[in-house]
Structure formats: structure tokens, C-alpha cells
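Quick notes on the structure that follows.
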Amino acid sequence: MSSKEHTALTTDSNSLTQRSTVLTLAIACGLAVANVYYNQPLLADMGRSLNISVQQVGFIPTLTQTGYAVGLLLLVPLGDRMERRWLIVSMLGLLAGILVVEATAPNIAWLSVSSFVLGFCSIVAHLVIPLVAQLTHPSERGKVIGTLLSGMILSVLLARSVSGIIGEYLGWRAVYGISAGVMLILAFVIQGRIPVSKPSSTLSYQQLMQSLVQLVREQPVLREAALNVALVFAAFNAAWVTLVFLLESPAYNYDSRVAGLFGLVGLIGVFTTPIVGRVADKRGPRMLIGVAVVVSLSAFVILWIAGGTHLLGLILGVLILDLGMHTGYVSNQIRVYNLVPNAESRLNTVYMVTNYTGGALGSFLGTYVWGLWQWNGVCALGLFLLTVAFIAHFSVRKRKSTVV
């Protein structure tokens, strides 16, 4: 990359990676990204409240995840050239404001716009994780990233469960009002917790954006990892977005509270993600990616055969799907962070934009096929997406990345 790039962090790496500081950062990451997922157990309640159809309200998660992908593209690269504490605190403040707007949405148009902007501002985790990755030795990077991501996974799972419970008793608007207050508290905590650091690059914003194209062009491993995680996440989201409709269908007759609690099945990811990181450090992440695809495929087979009518089959299928998705997510991300020193934020941008674009597409397609073919259509979609991921992964020979 340009000779103008340089490592200029004034923060002592030991102070930044102390256990208490990492815990604080993990909480901030988790609670910020949780805003993207609050709506999943609340879709049915939103639809009834605003008197809109399943297809209309089903598009809300797509808008939120699309906004998240756009935020990753336009905002995350700034982590390589701006003071990170100021950037993180500013984004938390913006999140608080848009959450208030979301909570007061009077119609589908207002809800749609605010959902997109909410996703756009929920990228705090991807300002924090590249910083930690940059200051961590490659031999320990998987363990540290795995630990941070396990905290994020826990927050996402609790987000679905807590939002379902709050939505049941206080209404879906209360979920976003409460979250707005939490974001303000986090902003004050982070302001006093993270030391000031200088950026790792002096590239202009235009040059940063241009370098994204260069990274994609010159890093085949980046392209491979991004495509793989996008397909896996698309299949994962197709199942999760439609799960609430399945649980409220005559096959189960559960309410949004149960749909939210169902997310606790995915707690397996909290415990397995750090293990995946350690295994990736020792054995290499590419092998684990193949395992993740095969595991995810087996999950959709179970969901198709038994998940539509048997609760035990649904729980088992979701549990295995969460295991496969999180294994693939962590393993692909470790591959990406090991490619180019001092470009962690931009590598993360390419990876996560592709990831959440796939997630948004999966949400849209999942809702669409549910309207046509119900749960069978969703499972067929998941199997198709993962079959493409399987073919792409096992048809590509292991290659060394090109140094940028």
C-alpha cells in the first residue's frame, strides 16, 4: 500500500488488552451490534401495530442489515485514519438518537428509513475489533478475536431473547427506547475507558476507499473468505428471519416471547467461538471453514425433515446451524486479519460488507420464499446457498495471499 501508511499508535498494547478493558470493549461491541437483531422476534408485533403485511414487515431486517453493510463500507475504513475513541463515542451517540426515532415510528415509511439508518450506525464493533487485532500478535490473534466475538454472540442471542420478552410485556417500541439509554451510558463509559490513539494510516478518505478495491483485486484469500461467509450468513438469516413466523404458525402456536427465548439455543456459539479461535491458531482456519459449511448443511437437512413440525428437531437444527455459522464466521475473519498489516479496518470492511450484504439478501429471500412455500421453501433456499458455498470452498486450492 501507500508509503504514507505507518503504524503510529501511542497506546501501550498491554493497557489496551487488559482483561477489564477487553471486557468493556466486548460489551460495547455486543450491545451496539444487538440493535441490528432486536427486530427479528418483534416482526409480527410490528406488523400488527402498524397494520402492515408479513411481506412488508419482513423487509425491515433487510433494510437494517443493508444499512449495516453500507455503514461498514463508508464508515469502518475511517478506523485506519481517525482517532478511534472519538469515532467510537460519536457512533454510540448517533445510535442513541436514531433508536429514539425508531421507537417513535408512526408508519412503515418512518420505520423503514429509521431501520436503515439504525443499521448504518451500528458498526461500533468493527471499529473496535480491528484495533485489538492490530495490537495482538498473530499467534494469539485467533484467541483474542474469538473471545471478543463470543461476547458479541452472547449479546446478539440475548438481544433476540430480551427483545422478545420486552416486546411481549411493554411493546416493541420500548425495546428501542431502552436501548437508546444504554447507548448513551456506553458512550460515557468508553470515553473514560479507552485511551487516545493515533491512526495507523495518513491516507485521505478517497485513498482509503480506493485501497479497498486494491485489496479485493490483490488478495484472493480475501475474496474467498468474503464469499464463503456471505453465503453461510445468507442461509443463516433466511432461517432466523422466518423462524418467528414458523413458531407463530399452527404447527407451534407460540408468541414473540417464545420466539425470542428460542434464540438462547444459540448459546453454543458463546462457548465454541473461543475454542474455534484457538484451533485456528494451531491448525489453520481454512480447514475449519470446510467443517463449518458441512455442519451448516447438515443443520438445514434436520430443519427440513423435522424442524417444521417437531420442536426437538427445530431446536437441534437451530443449535447445529448456529455452531456452523459461528465457526465459519470466526475462521474466515482470522484468515482476513492475517493478510495485510496496518490495514485491519479496511480488510474488515471488505469482509463485513460482503457478509452483511449476504445477510440482507438472505433475509429478503427468506421472507419471500416463506410467502410462497413456507418453511419447506426456506430450508430449500438454505441448502442451495450452502451447496454453492461447499462447491466454492472445496474447488479452490489453498493459496498464499499476495502481499499488498
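Need the full-extension length gain, residue 209 to residue 86, defined as separation in residues times 0.36 nm minus the C-alpha distance. One decimal, nm.
Between residue 209 and residue 86, full extension yields 42.2 nm more.
Could you work out how much longer the chain between residue 312 and residue 251 gets when fully extended? Use 0.36 nm per residue separation minus the Cα distance between them, nm to one decimal.
Here the answer is 20.7 nm.
Residue 305 versus residue 185, label points 7 Å from Cα toward the beta carbon: distance in nm?
Between residue 305 and residue 185, the label points sit 4.6 nm apart.
Enumerate by residue number the trypsin sites (Lys or Arg not before Pro) in segment 165-231 meeting two conditions: DSSP loop (anything except H, G, I, E, B), and at most 15 other Cβ atoms within 10 Å of the site's Cβ.
none
Counting other C-beta atoms within 10 Å, which of 375, 172, 86, 304 has the fewest, and how do the rest follow?
Least to most surrounded, the residues fall as 86, 304, 375, 172.
Among 390, 236, which comes first, then next, by fewest other beta-carbon atoms within 10 Å?
Ordered from fewest to most neighbouring Cβ atoms within 10 Å, 390, 236 come out as 390, 236.
Describe numerically, in nm with one decimal, the distance between label points set 7 Å from Cα along Cα→Cβ at residue 202 and at residue 283.
Rounded to a tenth, the inter-label distance reads 4.5 nm.
Could you please rank 255, 322, placing first whichever residue has the fewest other Cβ atoms within 10 Å of its Cβ?
255, 322
Using 0.36 nm per residue, how much length does the chain from residue 51 to residue 193 gain when fully extended, once their Cα-Cα distance is taken away?
Gain on extension, residue 51 to residue 193, equals 46.7 nm.
Out of the trypsin sites (Lys or Arg not before Pro) in segment 295-404, which ones are loop residues according to DSSP with at most 14 other C-beta atoms within 10 Å?
Of the trypsin sites (Lys or Arg not before Pro), the ones in loops of segment 295-404 whose Cβ has at most 14 other Cβ atoms within 10 Å are 397, 398, 399, 400.
Which FRET efficiency value, to the nearest 0.05, is calculated for residue 395 and residue 372 with the Förster distance at 41 angstrom and r the Cβ-Cβ distance?
For R0 = 41 Å, the calculated efficiency reads 0.85.
Which net charge results when you count Lys and Arg as +1 and Asp and Glu as -1 among the other residues whose beta-carbon is under 13 Å from that of residue 213?
That sum, taken over residues with Cβ under 13 Å, equals +2.
Laboratory data are not the source of any read-out in this text; all were calculated from the coordinates shown. Just so it is clear, the structure is predicted and the values come from calculations on it, not from any experiment. Neighbour counts run over all protein chains shown; Cβ positions are idealised from the backbone, glycine included.
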